[in-house]
1. Given R₀ = 45 Å, what would the calculated FRET efficiency be for residue 97 paired with residue 130, taking r from the Cβ atoms and rounding to 0.05?
2. May I ask you to order 247-258, 136-147 by the average number of other C-beta atoms within 10 Å around their residues, highest value first?
3. Would you please state the base-10 log of I(q)/I(0) at q = 0.13, 0.16, 0.18, 0.21 1/Å for segment 98-173, with intensities from the Debye formula using one equal scatterer on every alpha carbon?
4. Work out Dmax and Rg for segment 196-280 from the C-alpha atoms and quote the Rg first, both in angstrom.
5. For residue 280 and residue 35 in one chain, what is 0.36 nm times their gap in residues minus the Cα-Cα distance, to one decimal in nm?
6. With label points built 7 Å along Cα→Cβ from the Cα atoms of residue 144 and residue 19, find their separation and express it in nm.
7. Between residue 111 and residue 27, what length comes free when the chain is fully extended (0.36 nm per residue of separation minus the Cα-Cα distance, one decimal in nm)?
8. Could you work out how far apart the two model spin labels at residue 123 and residue 256 are, taking each label as a point 7 Å from the Cα in the direction of the beta carbon, and quote it in nm?
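Nothing in this text is a laboratory measurement; each read-out follows from the coordinates by a stated rule. This is a predicted model, so every value here is computed, not measured. Virtual Cβ from ideal backbone geometry, glycine too; neighbours counted across all protein chains shown.
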């Protein structure tokens, strides 16, 4: 291949056209010959033929083919959004069941009210019963107190009657009560016999209960009132020994004795003063 010069590429003057035509014909002829020779009816593959074509006249290249604008892909229609799964509507309310429930609730309410009223009535009834019992007990206590008071009054009246009877008897016997050989002029002896006090103490001594130790031998004087038959109707501490326990022991002993013996003349003084000492018993 010959080197291409700058002059060869320049456009030729109008007078060189025949030459160009000749060259073109030669080139076409060579091309036809090459095509004929390349036809081989044998089964072997034909050898490759290379050819170079040169244009005698420079040609301006055609403008680059503009690629066709891409056909816009049709936008598929939007898929429908899946509908949210909805819960099935609740079944219609069972009116019969509601009515039955309301009746049951109303019945329970009425029963509760009845029980509450019954509780209040029971509490009120118990309160009234308790008040009646307290009132009855108060009346019973009052009657018992009145009964005791009446019994005490009757006892005192009885004792007073006995005392009056004994006093009347003593007054009746006042007209000479001395011994048959008495030389006195009084209606009765002035006092008991010498041994009478010892007899009285001997009667009271077994009933004295006293075990305390005391200093000395304190004296307790007691006035004793006696009925004509010797029944003790009263006693009073005239002089204390200074030892309360000994005083109480003497009074208890007198109460326990109840009856005193008669004197030698058969009489019992209506009142006498007795002295008691711990060491004498």
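1. Once the sixth-power term is evaluated, E becomes 0.40.
2. Top of the packing list down: 247-258, 136-147.
3. So the normalised log intensities are -0.71, -0.80, -0.86, -0.94.
4. Rg then Dmax for segment 196-280, in Å: 12.6, 39.
5. 69.1 nm
6. 17.4 nm
7. Here the segment from residue 111 to residue 27 would lengthen by 17.4 nm.
8. Spacing of the two 7 Å Cα→Cβ label points: 5.9 nm.
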